[in-house]
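Remarks on the structure that follows.
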Amino acid sequence: MAIGVFDSGVGGLTIHRTLVERLPHADFIYLGDQANIPYGGRSGEEIVELTRAGCERLFDAGCSLVVLACNTASGVALRRLQQTWLPDYRKALGRPVNVLGIIVPTIEAATGLPWEHEAERRGEKVEKLDVLAVFCTPATARSRVYEIEIDKRRQDVAVFSEPCPNIVPLIESGAGAAELAKEVEGHVKAISTRIGRPPDRAILGCTHYEIIADLFRAALPPGTPLIHQPGATADALIRYLERHPEYEAGTGGLRRFLTTGRPGAQHELVEAFWGGPLSFEQA
């Protein structure tokens with residue numbers, strides 16, 4: 001058995017790299033749905049169906065767990081798949097399988113509270129708001145998952161999502177740093193104008209954005225804290241595996257990289273982030 005990591009493209013490698021570092025002996029299979037990228041502008045039904053197909057590919061390859069290393073898939077498809085698809089699929093497969101997302105651990109990191117916590121609403125006036133920016137795809141912004149779930153837990157945090165439709169295609173195409181920096185700066189300026197000032201903190205709400213986290217740091221005011229999804233996701237997965245020994249992670253240190261798109265070597269931006277050559281097999 002192995003752990004699957006699924007994303008629309010190469011952004012999920014940011015999650016994958018941290019999982020590999022934290023669980024070096026586990027077996028991992030990565031799948032990037034590059035034939036259908038980007039997900040951010042697709043309809044909800046399309047995202048659900050593409051995510052389901054990706055999970056099936058990973059379960060067929062021998063995974064017991066799949067981590068959706070994609071905010072769009074986690075925000076739009078995860079609950080539907082868990083409620084309407086997985087129960088019957090488990091029965092047909094005849095073994096334990098599950099799909100996990102990255103939004104829950106991110107919200108726990110952003111609020112400092114467990115997912116189960118819900119704030120008591122007493123109508124008290126909040127003296128000082130912590131303004132949190134979420135840079136994300138248009139589909140994640142439309143879902144309002146960060147606004148809704150953080151508001152349930154913290155009334156002193158105001159969440160503003162900034163949809164960034166062009167960043168994922170630019171990263172996937174291997175755009176240069178100057179072009180990416182201009183795009184990031186435009187979105188930081190736009191959300192700061194909408195808020196009326198720069199945010200106090202920021203979530204890079206698309207795993208692709210971790211690849212260019214340095215550009216977000218440069219565009220935001222110095223010292224603005226970034227909430228990083230890879231570490232939060234790794235912590236959550238380790239806790240989950242400890243609670244659920246029925247999901248086997250493997251012990252052979254397997255590393256496979258699959259794509260629905262063009263197999264072979266990845267472009268320089270991705271390899272520089274990964275720290276070495278990286279080649280994908282055809283899914």
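Side notes on the structure shown:
- Some residue of the stretch 232-248 being touching a residue at least 24 places away in the same chain (Cβ under 8 Å), more than 24 Å from Gly101 (Cβ to Cβ) and surrounded by 12 or more Cβ atoms within 10 Å (Cβ to Cβ): no
- Only listed residue being part of a helix (DSSP H, G or I), over 17 Å from Asp7 (Cβ atoms), small (Gly, Ala, Ser) and not assigned by TED's automatic domain parsing to the domain that holds Gly12, chosen from Ala139, Ala190: Ala190
- Total residues in the stretch 51-99, condition over 22 Å from Glu149 (Cα atoms) and in contact with an Asp or Glu (Cβ under 6 Å, 6 or more places away or on another chain): 3
- Matching entry among Val10, Val66 (being under 16 Å from the mean Cα position of the chain (by Cα), buried (at least 24 other Cβ atoms within 10 Å of the Cβ) and closer than 23 Å to Pro138 by Cβ): Val10
- Number of positions in the stretch 8-33 that are in contact with a Phe, Trp or Tyr (Cβ under 8 Å, 6 or more places away or on another chain) and not hydrophobic (A, V, I, L, M, F, W, C): 9
- Of the helices (runs of 4 or more DSSP H) lying entirely inside the stretch 209-277, those containing at least 3 residues that are closer than 24 Å to Met1 by Cβ span 229-243.
- Summed over the stretch 183-200, the residues that are within 19 Å of Val270 (Cα to Cα) and exposed (fewer than 15 other Cβ atoms within 10 Å of the Cβ) give a count of 0.
- Here Val99 passes the criteria (1) touching a helix residue (DSSP H, G or I) at 6+ places or on another chain (Cβ under 8 Å); (2) surrounded by fewer than 16 Cβ atoms within 10 Å (Cβ to Cβ); (3) among the β-branched types (Val, Ile, Thr) except the one numbered (2).
- Qualifying residue in the stretch 199-217 (condition: in the same structural domain as Ile37 (by TED's automatic domain parsing), at pLDDT 95 or above, within 20 Å of the chain's Cα centre (by Cα) and not small (Gly, Ala, Ser)): no
- Of the residues making up the stretch 1-21, just one is charged (D, E, K, R) and closer than 27 Å to Leu93 by Cβ, namely Asp7.
- Screening Val159, Val131, Val104, Val99 for residues that are in a helix (DSSP H, G or I) and either at pLDDT 95 or above or not acidic (Asp, Glu) (or both) leaves exactly one candidate, Val104.
- Residue within the stretch 160-172 that is over 17 Å from Pro225 (Cα atoms), under 22 Å from the mean Cα position of the chain (by Cα) and polar (S, T, N, Q) present: yes
The values are calculated or read from the model by the stated rules, or taken from the named source; none is laboratory data. It should be emphasised that the depicted structure is a prediction, and the values quoted were computed from it without experimental measurement. Glycine also receives a Cβ, built like all others from the backbone with ideal geometry; neighbour counts cover every protein chain displayed.
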